């Protein structure tokens with residue numbers, strides 16, 4: 001069916017994304033969010049639908065790639081959102 | 001069952017997370033990832049299981065909150081990963 005073909009086409013785009021280091025990190029951070037909040041049913045569908053089966057690196061490996069202090073009380077995505085460079089926020093020197 | 005009680009307990013933690021501005025943004029970025037790659041089955045489970053039904057703000061609103069140039073070719077999570085402040089990378093002034 002056309003819908004199935006469309007899904008295969010878009011899975012191809014996702015597979016290309018997952019073949020990059022940044023893409024695999026991004027998808028891992030999404031999966032870690034599901035794991036962190038124990039969204040088990042979602043996770044059970046996400047892994048096969050996304051093609052992440054066997055590719056999920058786990059929180060410790062993802063934490064190392066993020067290279068930022070991550071609270072155990074939060075999912076990794078919360079850390080990278082906080083990490084954003086917002087304007088001059090992170091410049092501590094006076095011009 | 002104990003497992004069901006545990007899931008309710010953890011959904012409470014997620015609901016508390018979603019009641020914060022940063023948490024809602026984080027969950028929105030996760031949902032946008034699913035939407036971007038047309039992971040429809042995952043999305044259909046994620047919305048009710050996470051409690052995001054009716055809370056998803058959509059990509060344009062999330063983009064405004066991220067306040068960063070986001071390529072149409074990528075999910076929002078890719079932009080915030082790139083945005084990370086890594087070490088002295090974003091300091092342009094000499095001490």
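Annotation for residue A:71, label-to-label distances across the other copies: 3.3 nm (shortest first, one decimal, point 7 Å from Cα along Cα→Cβ).
Between copies, residue B:13 shows label-point distances of 3.4 nm, shortest first, with the point placed 7 angstrom from Cα along Cα to C-beta. Shown for residue A:40: label points 7 Å from Cα along the beta-carbon vector, and their distances to the equivalent points in the other copies, 2.8 nm in ascending order.
In terms of its alpha-carbon gyration tensor, the stretch A:6-75 comes out oblate; a/c meets the 1.5 threshold, while b/c is at least as large as a/b.
We did not get these values from a lab; they are worked out from the coordinates using the rules stated. In this text the structure is predicted, and so the values were computed from the model without any measurement. Don't worry about glycine lacking a Cβ; one is built from the backbone with ideal geometry, like all the others, and counts go over all protein chains shown.
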